[in-house]
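The values are calculated or read from the model by the stated rules, or taken from the named source; none is laboratory data. Since the structure is predicted, the reported quantities are computational estimates derived from the model, not experimental observations. Here the Cβ positions follow ideal geometry from the backbone for every residue, glycine too, while neighbour counts run over all protein chains shown.
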Amino acid sequence: MLLLSLFLLAAPTEADARAFFERANKELKASWTVRDKAAYVNATYITDDSDALAAAMSERSMELMAKLIKESEKFRGMKLPPDLERQMLLLRIADTFPPPDDAAARSELAQLATELSSMYGKGEHCFQKGKEKKCEKLDGLGKELATNHDEAIAKDIWVGWHKTGAQMRDKYAREVELANAGARALGFKDLSELWKSGYDMPPAAFEAETDRLWTQLKPLYEQLHCYVRGKLHEKYKDKVPADGPIPAHVLGNMWAQEWANIYDLVEPYKGAGTVDVSKAIVKAKWDPVTMVKKGEAFFTSLGFDPLPPTFYTRSQFTRPKDREVVCHASAWDVAYDNDVRIKMCIQPTEEDFITIHHELGHIFYYQRYFKLPVLFQAGANDGFHEGIGDTLALSITPAYLDKLGLVKKGAENDKALINEQMKAALEKIAFLPFGLLLDRWRWEVFSGRTTKANYNARFWELRKQYQGVAPPVARTEADFDPGAKYHIPANVPYTRYFLARILQFQFHRGLCKAAGHTGPLHTCSIYGNAAAGAKLKAMLELGASQPWPKALAAVTGESAMDATALVDYFEPLMGWLKKENTGKSCGY
Ligand code: X8Z
Ligand code: ZN
């Protein structure tokens, strides 16, 4: 009897679990705040010291995480209410690199992660432009690729930048080993299973879901690919073969992931009215802060609160002249308390104006949920977080640009519409296979299906299979081309961007309906619409506290991810492309 009551006393109760998660959320908030402040300083001021501090803080928070996860084990298998059950899972998948059990391994992992991220930030390449020799970091190289369509220079830049990746190969392989050990310690088969566990469905079902969505979209991509390849072949002759994959350096983007920068090479109707937003931004003399304020004004027009003044004092908007930084755009709430900022190296271009909206999407998401327990301070799934700013950016229509005083709205006609759609498709549709394949590659690496001996070859197989893109020069395993893409050294999962490209059209469709828009989807702008804003806020406020279908329903009334909104949006262009491509042999 005595023994039994002792046992009953010791058995954890729901109240114990609730108390545990209250404490865990507080401890994590404190630990992540220090970690993220160190990481923010590190990313905006790379030195050996800031590397060391960022790594030390990351190690500490991994240690706390390992301890909390162990403690939470005692509640496993208990019948808990849904909010606690959810936190059980979120705790285990919170770190994209889960903490290994062993302290030395944690320390090594934290150091490697910081080191790789800084290596990326410091990467640069010197190239010959006419008589001039120019040495540039990634933003400078990207600008050159975007605006200069000289094939030889593009190749030199492409090859030069990709050297940044090569040095990361061994370190990356070790990182994978350590992080896999962490995932296994948490009961996952490997890290890929952990990464696929955040979508309110079993990992295998999630993978199948991404396949299903890609199948809906592949025909669109193939049409676009076929048309663009034809145009590039006309311009570059045998440098871009009429069949097979397109060389990766002639698409105006370092990773051939978005092609809007070669719009002028593929414009369907010359002179039929597309707006050159970049030129207009320069002409209007908008500086980076003005560009950000215009973005903020879009959100406040929907009924969001303005940003705290510290946002403007703590953000990095331009590349500092005197130090190394990571320029890749990102958005932070370092204290999980509305201490928000963005880190960018803004240039006066349309691309960066859209990226500002993208980053502000993260910021206004943070703003709506910072009062929730930290474990719930995340997107409904990570694709939601990546899709919010982009959703608003879909409302940057010619009519809205006119309202901004940036470009006078031209005549509406079929040709102008096709031009507009082409420009949008080069960004939205071109991206889809890249958005999918990066993690296809990583999932295989994590599961051991692709080994170090095969890293680069497999990467290019996937690039060819999904994107129809090939390296401009022969590659070997001495190269490590995945490392030349930020999200590999920075360890940011990528399928989120694939989902976001699809979700943003679904959100847009739902919000346009709430705004009472009639007519085709591509003509809708929700700017200034409070009803749309209220719906969006309702979704963001949930953070990660509910399964994502519930969040999706708040804006769309739908409960499944669905590519039809994207397909419908591009219907005019697709009809046109099919006609253009008649008789051509498409595919790669
Ligand atoms: O990394 C980003 C954002 C920061 S979360 C700028 N994006 C992906 C990329 O640049 O590769 C946005 C689109 C895809
Ligand atoms: Zn983002």
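The table below lists the values:
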quantity	calculated
Options Thr313, Thr355, Thr349, Thr290: the member that is out of contact with any Lys or Arg (no Cβ under 7 Å at 6 or more places or on another chain), within 19 Å of Glu386 (Cα to Cα) and of a type in the set (Ser, Thr, Tyr)	Thr355
Cross-chain or 6+ apart pairs with Cβ under 7 Å, the range 351-375 first and small (Gly, Ala, Ser) and within 16 Å of ligand 1 (Cβ to nearest atom), then modelled with pLDDT of 95 or more and in a helix (DSSP H, G or I)	Gly361/Ile388; Gly361/Gly389; Gly361/Asp390; Gly361/Leu392
Any hit, the range 561-573, residues being more than 15 Å from Leu302 (Cα to Cα), of a type in the set (Val, Ile, Thr), over 24 Å from the mean Cα position of the chain (by Cα) and surrounded by fewer than 16 Cβ atoms within 10 Å (Cβ to Cβ)	no
Any hit, the range 278-289, residues being within 16 Å of ligand 1 (Cβ to nearest atom), within 30 Å of Ser315 (Cβ to Cβ), in contact with a strand residue (DSSP E or B) (Cβ under 8 Å, 6 or more places away or on another chain) and in contact (Cβ under 8 Å) with a residue 40 or more places away in the chain	no
Residue match in the range 398-411 (condition: in contact (Cβ under 8 Å) with a residue 24 or more places away in the chain and within 16 Å of ligand 1 (Cβ to nearest atom))	no
Filter result (outside any loop (DSSP other than H, G, I, E, B) and either of a type in the set (Val, Ile, Thr) or away from ligand 1 (no atom under 16 Å from the Cβ) (or both)) within the range 307-346	Pro309, Thr310, Phe311, Tyr312, Thr313, Arg314, Val340, Ile342
Checking Val469 against (1) crowded, with 20+ Cβ neighbours inside 10 Å; (2) on the phi > 0 side of the Ramachandran plot, the condition it does not meet	(2)
Tally, over the range 335-361, of residues that are under 30 Å from Arg18 (Cβ atoms) and within 16 Å of ligand 2 (Cβ to nearest atom)	1
Single residue of Leu521, Leu499 found to be buried (at least 19 other Cβ atoms within 10 Å of the Cβ) and either modelled with pLDDT under 95 or of a type outside the set (S, T, N, Q) (or both)	Leu499
Residue in the range 285-305 that is crowded, with 20+ Cβ neighbours inside 10 Å, under 19 Å from Tyr497 (Cα atoms) and in contact with a helix residue (DSSP H, G or I) (Cβ under 7 Å, 6 or more places away or on another chain) present	no
Filtered residues of the range 480-518 (kept if small (Gly, Ala, Ser) and either touching a Gly at 6+ places or on another chain (Cβ under 6 Å) or in a helix (DSSP H, G or I) (or both))	Gly483, Ala484, Ala500, Gly510, Ala514
In the range 317-329, the residues that are within 16 Å of ligand 2 (Cβ to nearest atom) and within 21 Å of Asp49 (Cβ to Cβ)	Val326, Cys327
Cβ-Cβ under 8 Å pairs, at least 6 apart or on other chains, the range 219-239 side in contact (Cβ under 8 Å) with a residue 12 or more places away in the chain and assigned to a helix (DSSP H, G or I), far side among the aromatic types (Phe, Trp, Tyr) and crowded, with 19+ Cβ neighbours inside 10 Å	Leu220/Phe570; Val228/Trp259
Subset of the range 542-588 [polar (S, T, N, Q) and either in contact with a helix residue (DSSP H, G or I) (Cβ under 6 Å, 6 or more places away or on another chain) or part of a loop (DSSP other than H, G, I, E, B) (or both)]	Ser545, Gln546, Thr556, Ser559, Asn581, Thr582, Ser585
Candidate set: the range 1-37, residues that are over 26 Å from the mean Cα position of the chain (by Cα) and hydroxyl-bearing (Ser, Thr, Tyr); chosen: the one modelled with the highest pLDDT	Thr13
Flag if Phe21 is farther than 26 Å from Tyr486 by Cα, of a type in the set (Phe, Trp, Tyr), buried (at least 20 other Cβ atoms within 10 Å of the Cβ) and out of contact with any His (no Cβ under 6 Å at 6 or more places or on another chain)	yes
Those residues of the range 470-498 which are away from ligand 1 (no atom under 15 Å from the Cβ) and over 27 Å from Asp51 (Cα atoms), in sequence order	Ala470, Pro471, Pro472, Val473, Ala474, Arg475, Thr476, Glu477
Residue match in the range 38-55 (condition: on the phi < 0 side of the Ramachandran plot, exposed (fewer than 12 other Cβ atoms within 10 Å of the Cβ), at pLDDT below 95 and assigned to a helix (DSSP H, G or I))	no
Residues that are among the small types (Gly, Ala, Ser) and surrounded by fewer than 22 Cβ atoms within 10 Å (Cβ to Cβ), drawn from the range 368-392	Ala378
Matching residues, the range 540-554, being more than 21 Å from the chain's Cα centre (by Cα) and of a type in the set (A, V, I, L, M, F, W, C)	Ala553, Ala554
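To keep it simple, each residue is scored yes or no on (1) within 16 Å of ligand 2 (Cβ to nearest atom); (2) part of a helix (DSSP H, G or I); (3) modelled with pLDDT of 95 or more.
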{"residue": "Glu386", "(1), (2), (3)": "yes, yes, yes"}
{"residue": "Asp402", "(1), (2), (3)": "no, yes, no"}
{"residue": "Leu406", "(1), (2), (3)": "no, no, no"}
{"residue": "Lys409", "(1), (2), (3)": "no, no, no"}
{"residue": "Leu426", "(1), (2), (3)": "no, yes, yes"}
{"residue": "Leu432", "(1), (2), (3)": "no, yes, yes"}
{"residue": "Phe446", "(1), (2), (3)": "no, yes, yes"}
{"residue": "Val473", "(1), (2), (3)": "no, no, yes"}
{"residue": "Ala478", "(1), (2), (3)": "no, no, yes"}
